[in-house]
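Below is one structure, written out as structure tokens, with a few remarks after it.
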Amino acid sequence: MAAASRRLARALYSAVAKPLLFAAYPDDAHKLTLRAAGLMDRLPWLARVFAQEEQPLRPTTVGGVTLPQPVIVAAGLVKGQGFETEDAALSAVGRSNVIPGWRSIPLMCGPVEFGSFTLAPRVGNAGTVLWRDVNGLTTMNRVGLKNPGSAAAAEFLSRQPIDGTFGISVATTPEVDDPTVQAAHVAQAIGRFIEEGVRPDWFTVNLSCPNTEQDPTATQTTALASAVCAATVERAGTVPVWVKVSPDLGDTQYDSLLEVFEDNGVRAVVATNTLPGIVPSTDIRAGAGGKRLYERALSVVLRLYAVRERRSYSVDIVGCGGVMNGVDLRAYLDAGALAVQVWSALVFRGPFAPEDITREYLEILKEGQS
Ligand SMILES: Cc1cc2nc3c(=O)[nH]c(=O)nc-3n(C[C@H](O)[C@H](O)[C@H](O)COP(=O)(O)O)c2cc1C
């Protein structure tokens, strides 16, 4: 029954949803996707028709978490609406679905990283914020940390029975330079989830959001990382903490950051966030994901893994950047990652991408043995 309904869901996606989404502008396609996800949140029976099988495809332990499969939906999809103020966000919690996809995406796609949430709500950048290059399998975005803020997100998620494995990504506050203040912000944001009884499988600190106009370069100094990691690990208690880094740092900066993560009890590093660049034929700055990021993110994983091994560190590595199929997944796992996160693959291959990528990888392994 489950397999038959999943087949029906795939047929519906290919025949109806995919052509609609690809006919729309990327911003509109994104809004449509979230509207559909939000609708399915309210119709759990429908979300279950589309749901991935409950049987884990390939159990994987990474960064203190056991996942049913090594492919996770990356931060940025299930992150919620933007608001001007905390009061506005909190008052919307009882009235509307402020985090569309909270139920349907974990059911359909497997493990998900929610967020990134900042301490206070943010409306994000105005104008066009998303681009896609279908032939080059690349996405670009300048969403700019649009989210309801940690108080409303925590309040909302505390009311929902989330079915599945999920992490919560908390981002630094773009306007804040002082490491002590930044550490206090992130710890306070994490504390709000804990105080509301929301227990994710992991927290990720997003040190690396390059797309806000207030902090386009997303500074990741060791002083900032030390202060933020120490405060976060302490506040997260028994929940493992991961940290997400940018793809455009210098080699020695990665080495120093990994040392900071190891020294502060961070369990995994997510490599990487999007690659800063210019949207083709415009002068707009945005972050690239998908194939344009692939080689760069993979080389960061290789670098981090080499340092980890040389220094006998215990921080695990989660790859993120341009994973589109089982071959890409294998490349990341061979490079030393234990799991990967995907965003662009969902755009180009749809909601079944995490399952399909895992199955393709398992096929490759089987072929290798025969
Ligand atoms: C629209 C959009 C929003 C994103 N928002 C976030 C975010 O809030 N936090 C974060 O850590 N990464 C965010 N990302 C980055 C992704 O999580 C991921 O690191 C990046 O897209 C690279 O993966 P990919 O090559 O599979 O797309 C976002 C990406 C996109 C396309």
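The values are calculated or read from the model by the stated rules, or taken from the named source; none is laboratory data. As the structure is a computational prediction, the values presented were derived from the model and not from experiment. For neighbour counting, all protein chains shown are included, and Cβ atoms are generated from backbone atoms with ideal geometry for every residue, glycine included.
So, GLY265, is that one in a loop (DSSP other than H, G, I, E, B), modelled with pLDDT of 95 or more and more than 13 Å from the ligand (Cβ to nearest atom) or not?
Criteria met by GLY265.
For the range 143-153, check the following and say yes or no: at least one residue is in a helix (DSSP H, G or I) and more than 16 Å from the ligand (Cβ to nearest atom).
First pass over the range 143-153, keeping only residues in a helix (DSSP H, G or I): 150-153.
This time we only want the ones that are more than 16 Å from the ligand (Cβ to nearest atom), so: 151.
So far as the range 143-153 goes, yes, one or more of its residues are in a helix (DSSP H, G or I) and more than 16 Å from the ligand (Cβ to nearest atom).
Would you pick out the residues in the range 119-160 that are surrounded by 23 or more Cβ atoms within 10 Å (Cβ to Cβ), hydroxyl-bearing (Ser, Thr, Tyr) and under 15 Å from GLY287 (Cα atoms)?
Scanning the range 119-160 gives THR138, THR139.
Anything in the range 268-283 that is touching a residue at least 24 places away in the same chain (Cβ under 8 Å) and either part of a helix (DSSP H, G or I) or touching a strand residue (DSSP E or B) at 6+ places or on another chain (Cβ under 7 Å) (or both)? List them, or say none.
Hits for the range 268-283 are ALA268, VAL269, VAL270, ALA271, THR272, ASN273, THR274, LEU275, PRO276, GLY277, VAL279.
Please specify each residue of the range 30-54 satisfying the condition of being touching a Pro at 6+ places or on another chain (Cβ under 8 Å) and loosely packed, with under 14 Cβ neighbours inside 10 Å.
ARG35, the sole residue that qualifies.
Out of (1) within 13 Å of the ligand (Cβ to nearest atom); (2) modelled with pLDDT under 95, the odd one out for GLY164 is which?
(1) is the only condition that GLY164 fails.
Identify all residues within the range 90-106 that are crowded, with 24+ Cβ neighbours inside 10 Å and more than 16 Å from the ligand (Cβ to nearest atom); write none if there are none.
Result: ARG103, SER104.
Filter the range 76-85 down to residues that are of a type outside the set (A, V, I, L, M) and closer than 16 Å to GLY115 by Cα and give me whichever is nearest to the ligand (Cβ to nearest atom).
GLY76
I'm told SER314 meets every condition in (1) within 14 Å of the ligand (Cβ to nearest atom); (2) more than 18 Å from the chain's Cα centre (by Cα); (3) at pLDDT 95 or above; (4) outside any helix (DSSP H, G or I) except one. Can you identify the failing condition by its number?
That leaves (1) as the condition not met.
I'd like the full set of residues that are part of a loop (DSSP other than H, G, I, E, B), more than 16 Å from the ligand (Cβ to nearest atom) and either under 21 Å from VAL176 (Cα atoms) or out of contact with any helix residue (DSSP H, G or I) (no Cβ under 8 Å at 6 or more places or on another chain) (or both), limited to the range 224-262.
The answer is THR238, PRO240, GLY250.
Does SER299 fit the bill of being free of Cβ contacts under 8 Å to residues at least 24 places away in the same chain, of a type in the set (Ser, Thr, Tyr) and surrounded by fewer than 16 Cβ atoms within 10 Å (Cβ to Cβ)? Explain how you work it out, then say what you get.
On the way: free of Cβ contacts under 8 Å to residues at least 24 places away in the same chain: yes; of a type in the set (Ser, Thr, Tyr): yes; surrounded by fewer than 16 Cβ atoms within 10 Å (Cβ to Cβ): no.
Considered against the rule, which asks whether it is free of Cβ contacts under 8 Å to residues at least 24 places away in the same chain, of a type in the set (Ser, Thr, Tyr) and surrounded by fewer than 16 Cβ atoms within 10 Å (Cβ to Cβ), SER299 comes out as no.
Based on this model, can you work out whether TYR361 counts as under 17 Å from PRO111 (Cβ atoms) and not in a strand (DSSP E or B)?
Yes.
For ARG292, all conditions in the list (1) part of a loop (DSSP other than H, G, I, E, B); (2) surrounded by 19 or more Cβ atoms within 10 Å (Cβ to Cβ) hold save one; what is the number of the exception?
All conditions pass for ARG292, except number (1).
With the requirement that a residue be β-branched (Val, Ile, Thr) and out of contact with any helix residue (DSSP H, G or I) (no Cβ under 6 Å at 6 or more places or on another chain), what does the range 60-80 give you?
Of everything in the range 60-80, those that are β-branched (Val, Ile, Thr) and out of contact with any helix residue (DSSP H, G or I) (no Cβ under 6 Å at 6 or more places or on another chain) turn out to be THR60, THR61, VAL62, VAL65, THR66, ILE72.
Check off (1) out of contact with any Leu (no Cβ under 7 Å at 6 or more places or on another chain); (2) at pLDDT 95 or above; (3) under 14 Å from VAL301 (Cβ atoms) for ASP251 and give me the number that stays unchecked.
Against the list (1) out of contact with any Leu (no Cβ under 7 Å at 6 or more places or on another chain); (2) at pLDDT 95 or above; (3) under 14 Å from VAL301 (Cβ atoms), ASP251 comes up short only on (2).
Would it be correct to say that GLY63 is modelled with pLDDT of 95 or more, within 16 Å of the ligand (Cβ to nearest atom) and more than 30 Å from LEU333 (Cα to Cα)?
In short, no.
Right, GLY82: farther than 15 Å from VAL342 by Cβ, part of a loop (DSSP other than H, G, I, E, B) and modelled with pLDDT of 95 or more or not?
Numbers: farther than 15 Å from VAL342 by Cβ: yes; part of a loop (DSSP other than H, G, I, E, B): yes; modelled with pLDDT of 95 or more: yes.
Yes.
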